[in-house]
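Only one structure is covered here, and it is reproduced in the block below.
Coordinate-derived values only; no laboratory data. What you are looking at is a predicted structure, and each value in this text was computed from that prediction instead of being measured. All Cβ positions, even for glycine, are placed from backbone atoms using ideal geometry, and neighbour counts span all protein chains on display.
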Amino acid sequence: MDKDELQRTITTAHRELAELVGRISDDRLRDRAMDDWTGKDVLAHLAWWQDHPARLLEDLTANRQPEDDTHPGSTTDEINEYVFREHNEDSPEVVRHAFTQTFQRLLTAIEPLTDDDLFRPGRCSWLDEGALSEMLFWDTSRHYQDHFAHLEPLSRSAHT
């Protein structure tokens, strides 16, 4: 795999999820989708996690350590709870915009990176010897797959 293939993979996955979200009305985005989360909560969660690597890549490009607000918790659950609290009151329109804008920010952050930057294990000390590409996949295409099934019913069923 190289940078072009990585970009194609995450862009295709994002487009598929964006098409699904485009079929969900604002009213349906306010319905429960996963546990206590509504569809808009899931979408805000996905927007935050795809912005996460964009912020980290911007730090890498600027040769600085990630800022504290890049990780507003020490565990994934703490971060997810923080994101939920911060965006729970956001409107569907705001969340849709964030989902689109954060992905564009991510693509912009990937652009100056080389294959070596993206695929060499240990390139970033804060990734515990992992490769940037793995973080990108987990925060985008693989993550979208995790939540596709939570959003898909909202695109086809009547308001409950």
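Some notes on this structure:
- Residue-count net charge about Asp26 - beta-carbon cut-off 9 Å; Lys, Arg +1, Asp, Glu -1: +2
- Placing unit charges on each Cβ (+1 for Lys and Arg, -1 for Asp and Glu) gives region 3-156 a dipole about its Cα centre, and among Phe137, Leu57, Thr100 the Cα reaching farthest toward its positive end belongs to Thr100.
- Note on the chain: with charges restricted to the Cβ of Lys and Arg (+1) and Asp and Glu (-1), its dipole about the Cα centre is near 540 debye.
- With a cut-off of 12 Å between beta carbons, the residues surrounding Thr9 carry a summed charge of 0, where Lys and Arg count +1 and Asp and Glu -1.
- The chain, helix-only ellipticity at 222 nm - DSSP H runs n ≥ 4, -39,500 (n - 2.57), divided by all residues, nearest 500: -21500 deg cm²/dmol
- Label sites at Ala62 and Thr76, each approximated as a point 7 angstrom past Cα along Cα to Cβ, lie 2.8 nm apart.
- Estimated inter-spin distance, Asp2 and Glu129, nm [label 7 Å along Cα→Cβ]: 2.9 nm
- Computed over the chain with a Gaussian network model linking Cα atoms closer than 10 Å, the most mobile of Leu43, Leu106, Leu127 is Leu127.
- Charge sum, other residues only, whose C-beta stays under 13 Å from Val42's C-beta, Lys/Arg counted +1 and Asp/Glu -1: -2
- Residue by residue, region 74-86 carries 3J(HN,Hα) couplings of 9, 10, 4, 4, 5, 5, 4, 5, 4, 4, 4, 4, 5 Hz when phi is fed to the Karplus relation 6.51 cos²θ - 1.76 cosθ + 1.60 (θ = phi - 60°); x denotes Gly or Pro.
- Answer label, with percent of Cα pairs over 21 Å apart calculated from the coordinates and candidates [x] 45; [y] 41; [z] 66: [x]
- Nonlocal amide H pairs with Ala33, under 5 Å, H built at 1.01 Å: Thr38, Gly39
- Compared with the alpha-carbon gap, the fully stretched path from Met34 to Gln101 is longer by 21.8 nm at 0.36 nm per residue.
- Distance in nm between pseudo-label sites at Asp115 and Asp26 (7 Å out along the Cβ direction from Cα): 4.6 nm
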